[in-house]
Amino acid sequence: MEAKISNDEDALEEGEGAITLAPINIGDVLPSVTLKNEKGEDVDIARLGDEKGVVLFLVPKADTPGCTNQACGFRDIYPDFSSLEYAVYCLSADSPTAQSRWQTKKELPYPLISDPKRVLVGALGAGEGGKTKRSHFIFEKGGMLLEKKIPVKPVD
């Protein structure tokens, strides 16, 4: 069953109460959950690894100094990931609008994914007390988790 997450603060399209996903551990695959990108478009997380490997990095809050340092680090080495057939995505609880402004301001070449309820963040083990831990995850082509680092520093 696919969970659809709305970026509306109180709206969930999957029954009442909070949606939770099973924890994602090494060897598990990207879950079937739909979130929004920085353009407000639906993104089926399970499909991210269909054609390439996936580097997913999580930031606590868009357009803050540490998160900008982290995001720009990925921006600066983005061609290296592309040449290795890996797609890069930034995940945060920020709204698509806030992410879009940040993406434009800092010329971030990769998509940003909004997880306002921290459903995917929590499944990855990077949510705690309503906050997102700065972290990195690497999924192979096909979507299987190969590596996870929680927490990381902005320069990692």
(request) Would you list the strands (runs of 3 or more DSSP E) that sit entirely within the range 34-95 and hold 3 or more residues that are of a type in the set (A, V, I, L, M), over 15 Å from Tyr110 (Cα atoms) and touching a Cys at 6+ places or on another chain (Cβ under 7 Å)? (result) none
(request) Name every residue in the range 56-111 that is touching a Ser or Thr at 6+ places or on another chain (Cβ under 7 Å) and under 16 Å from Asp42 (Cα atoms), in order of residue number. (result) Ser92, Ala93, Asp94, Ser95, Pro96, Gln99
(request) Mind counting the residues in the range 46-62 that are within 19 Å of Lys149 (Cβ to Cβ) and open to solvent by less than 40 Å² (accessible area, probe 1.4 Å)? (result) 9
(request) State which residue pairs qualify: first residue of a type in the set (S, T, N, Q) and inside the range 47-68, second residue buried (at least 21 other Cβ atoms within 10 Å of the Cβ) in any location, beta carbons under 9 Å apart, and separation of 6 or more residues or different chains. (result) Thr68/Val59; Thr68/Ala62; Thr68/Trp102
(request) Could you please let me know if Val155 is over 12 Å from Gly53 (Cα atoms), open to solvent by 40 Å² or more (accessible area, probe 1.4 Å) and of a type in the set (A, V, I, L, M)? (result) yes
(request) Output the residues belonging to the range 104-131 that are open to solvent by less than 60 Å² (accessible area, probe 1.4 Å), without any contact (Cβ under 8 Å) to a residue 24 or more places away in the chain and in a loop (DSSP other than H, G, I, E, B). (result) Gly130
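The values are calculated or read from the model by the stated rules, or taken from the named source; none is laboratory data. Remember, it's a predicted structure, so these values are computed and weren't measured experimentally. With ideal geometry, Cβ positions are generated from the backbone for all residues, glycine too; neighbour counts draw on all protein chains shown. The area values use the complete protein model at the heavy-atom level, side chains included, leaving out ligands, DNA and RNA. Shrake-Rupley method; radii C 1.70, N 1.55, O 1.52, S 1.80 Å.
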